[in-house]
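Before any comments, here is the structure.
The values are calculated or read from the model by the stated rules, or taken from the named source; none is laboratory data. This one's a predicted model, so the numbers in the text were calculated from it and none came from an experiment. Cβ atoms come from the backbone with ideal geometry, glycine included; neighbour counts cover every protein chain shown. Only protein heavy atoms, including side chains, enter the accessible area calculation; ligands, DNA and RNA are left aside. Shrake-Rupley method; radii C 1.70, N 1.55, O 1.52, S 1.80 Å.
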Amino acid sequence: MTTPPYVVDRVISPSGHTVTRTRPHKLGEAIKPETAAALNAMMQAVMTGGTGTSDQIPGLAVAGKTGTAETGIAHTNTTWFIAFAPADAPKVAVAVVLEQQHGYGATTAGPIAKALLQALLPQASK
């Protein structure tokens, strides 16, 4: 039996000691490895030459995708940015979704995703 997805990495006591730590378990394979590699390459291209270029992190290869959905209200969008890094050996993934925005995914959600990745992978983003 496999462990379901989890959110908590570890539980820390008030004194700062780790009480328990959750370990990841493989649940299965969502897509074929060659499909994953192609998707990874496309998402890296978003960051190096597409809509995510303004959200690049020096020294860290990021695979990302921006998104902007019209809401039916003039100049008001739902925006998003998803990413994982390091792109070729992912350690973290983030998703940022913002409602009632007057911009696009790269300009509204992208900077938040970038800040999250920099906070989660400070040693890699230098």
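Kindly evaluate residue 49 against the criterion of being within 22 Å of residue 124 (Cα to Cα) and exposed (fewer than 10 other Cβ atoms within 10 Å of the Cβ).
yes
Pull up segment 70-123, narrow it to residues that are in a strand (DSSP E or B) and of a type in the set (Gly, Ala, Ser), then point me to the one that is nearest to residue 23 (Cα to Cα).
93
Which pairs have Cβ atoms under 9 Å, sit 6 or more apart or on different chains, and link a residue in segment 82-97 that is open to solvent by 50 Å² or more (accessible area, probe 1.4 Å) to one that is in a loop (DSSP other than H, G, I, E, B) and not hydroxyl-bearing (Ser, Thr, Tyr)?
82/109; 88/61; 91/121; 91/124; 95/109; 97/109
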